[in-house]
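Rule-based calculations on the coordinates, nothing more; no lab input. No experiment lies behind these values; they were computed from the predicted model shown. As a convention, Cβ positions derive from the backbone with ideal geometry for all residues, glycine included, and neighbour counts pool all protein chains shown.
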Amino acid sequence: MSSKTTTVLAGIAAKNATLFHRLGFVLPDAAAVIDFAGGTSVLIVRDLEMERSRQQAPQARVCCSADFVPEGGLSADRDTALAQATAECLRRAGEIAVTVERTLPYLYAHFIREAGIAIDYSADFGVGERRIKRPEEIDFLRHAQKVTGEAVSYACRMIANAKPDKTGTLFHDGSVLTSERVRYMITAFLMGRNFSNHHDSIVASAPHAADCHHFGTGPLKVGLPVIVDIFPMDNATRYNGDMTRTVVCGEPIEEALRMQAAVSEAKAAGCAALRPGATGEGVHLATIAVLEKHGYGIVRGDVERDLSKPAMTCGTGHGLGLEVHEPILLDHGGGEIFQNEVFTVEPGLYSSAAGGCRIEDAVVVTADGHEILAPIHEGLDWAD
């Protein structure tokens, strides 16, 4: 944010992506950054983090709560004391108003206001800076997506090469192959590559695939499509991958083939619409037009739906970066798209009877169009 006003960011950088983006390093405890309108910065951290913070943020004046003790003293609670010190720092600097973003903890707002300082909320602060990715951020996302694609391929091959019993239940290495078991093996695969699977993974088939965000449960079956959606974080950079493919063990049912053809074409249309100056809504309209052409319905919100019939029930995608879901959405109301933004493009069809199909890639917006990061096979057949 090009600041003409003093801004405040606060929270725990290990959990707050906007604060981490501003600092460039992780602090395990609460911290506050004050960027004054005049161009100077104060970073307030826990006392034992001061030396490391000075090395990591040499451009800032690094302080601790004890450097800004208000008239009534500091609380014995560490987080409360840091919020009090942030407000006292602003008061001593003569600030009468500060600009904050969407993640500011109320604890800080309370003490800033108690110090007589007005708070102005900016919807763009903390969002605009993260939407347009620097070259190194795109490289981080490219690597995160590459490893995510390897995990997706690993899971899809496992499912495709499983052995069905007489009832159609899949077995892997002599044991029933369930959604839960595949998720466990995905997590182990990612841990071996220094990735965290904080949000788990989606491994969903019929009937659970009718809900596009159902994680899936129970034994997997021959012939039915299985949605595999993996969205892990690279521990080295804290940037996320996000990829989905759909796999079938054995001969797919006819509806699975129809869904895959429609979704693949819809994803290609969405990617083609993703360019600077376009809108998130325009990308979404491009994808749903293809699905409707193939005879599938678009069902949103509280509209009554026949769960047995495949339908698109969500938007086309979202921003991707330090969080899995970032602004803006590729959906109705989605605004202007800029060069060097990164989005997921992930149309899908969801049914309780036939299962579902989703194909998702991470896509960077280039000067003249788009680039899919780490593309892999899109079909239903992953068998060796």
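Quick rundown of the values:
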quantity	calculated
Among beta bridges that DSSP assigns inside the chain, antiparallel share in %, nearest 5	80 percent
Residues Glu304 and His199, FRET efficiency given R0 of 25 Å [Cβ-Cβ distance, rounded to 0.05]	0.25
The chain - Kirkwood radius from inverse mean 1/r over Cα pairs (Å)	22.7 Å
Under-5 Å amide H pairs with Gly126, H placed in peptide plane, nonlocal only	none
Percent RCO, i.e. relative contact order, over region 132-373, from Cα pairs under 8 Å lying at least 6 residues apart	22 percent
Relative contact order %, region 327-384, counting alpha carbon pairs below 8 Å whose residues are six or more apart	26 percent
Fully extended contour minus Cα-Cα distance, from Asp384 to Thr5, at 0.36 nm per residue	130.5 nm
Residues of type lysines that Lys4 reaches as a straight line, Cα spacing below 23 Å, ignoring anything fewer than 8 places off in the same chain	Lys133
Sorted by Cβ neighbour density within 10 Å, fewest at the top, the residues Met185, Met191	Met191, Met185
Those lysines that a straight Cα-Cα span of less than 23 Å connects to Lys166, excepting residues fewer than 8 apart in one chain	Lys221
The chain, helix-only ellipticity at 222 nm - DSSP H runs n ≥ 4, -39,500 (n - 2.57), divided by all residues, nearest 500	-9500 deg cm²/dmol
Degrees separating the helix 179-191 axis from the principal Cα axis of the chain, which is the longest one	50 degrees
Estimated distance in nm for a label pair at Arg54 and Ala97, the labels positioned 7 Å out from Cα along Cα-to-Cβ	3.6 nm
Compactness of region 7-130 - radius of gyration and Dmax, Cα, Å	13.1, 38
